[in-house]
Amino acid sequence: MARTSNIYVRVEPSIKEQAEIVLEKLGIPMSNAVSIFLRQVVMHNGLPFDVKIPSEKPLVLSDLSSEEFNIEMLKAHSDFEAGRVYSTEEVENDLKREFGI
């Protein structure tokens, strides 16, 4: 067996728990996942994914002026009129699929 070193990291408990759930489904122990990540860092000579700020900021109701709120409501109405809508069942199925519920 190859010689190993220990790594100690501090992470938010909820992130650790969510990662453990995903990794368990994949059948990958946390230590192997960390090793895979570090190998990818070496292979890419950096992070193995893009790290960037999203181009579009999520809408937050409390950040909108009344004019901005009205514009967003008009967009929503336009989408509704054009049939660009999702049923609650479609939304529920998407959430279940995305989060493995």
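Any read-out appearing in this document is the output of simple, stated calculations on the displayed coordinates, not a laboratory observation. Just so it is clear, the model here is predicted, and its values are computed rather than measured. Cβ coordinates were reconstructed from backbone atoms using ideal geometry, including for glycine residues, and neighbour counts include every protein chain displayed.
For the range 69-101, what are the residues that are in a helix (DSSP H, G or I), β-branched (Val, Ile, Thr), out of contact with any Leu (no Cβ under 9 Å at 6 or more places or on another chain) and surrounded by 10 or more Cβ atoms within 10 Å (Cβ to Cβ)?
Answer for the range 69-101, where residues must be in a helix (DSSP H, G or I), β-branched (Val, Ile, Thr), out of contact with any Leu (no Cβ under 9 Å at 6 or more places or on another chain) and surrounded by 10 or more Cβ atoms within 10 Å (Cβ to Cβ): just Val91.
Among (1) without any contact (Cβ under 8 Å) to a residue 60 or more places away in the chain; (2) loosely packed, with under 10 Cβ neighbours inside 10 Å; (3) outside any loop (DSSP other than H, G, I, E, B), there is one condition Arg3 misses while meeting the rest; what is its number?
The failed condition is (3).
Is it fair to say Asp50 is surrounded by fewer than 11 Cβ atoms within 10 Å (Cβ to Cβ), acidic (Asp, Glu) and closer than 30 Å to Ser5 by Cβ?
For Asp50, the condition - surrounded by fewer than 11 Cβ atoms within 10 Å (Cβ to Cβ), acidic (Asp, Glu) and closer than 30 Å to Ser5 by Cβ - is met.
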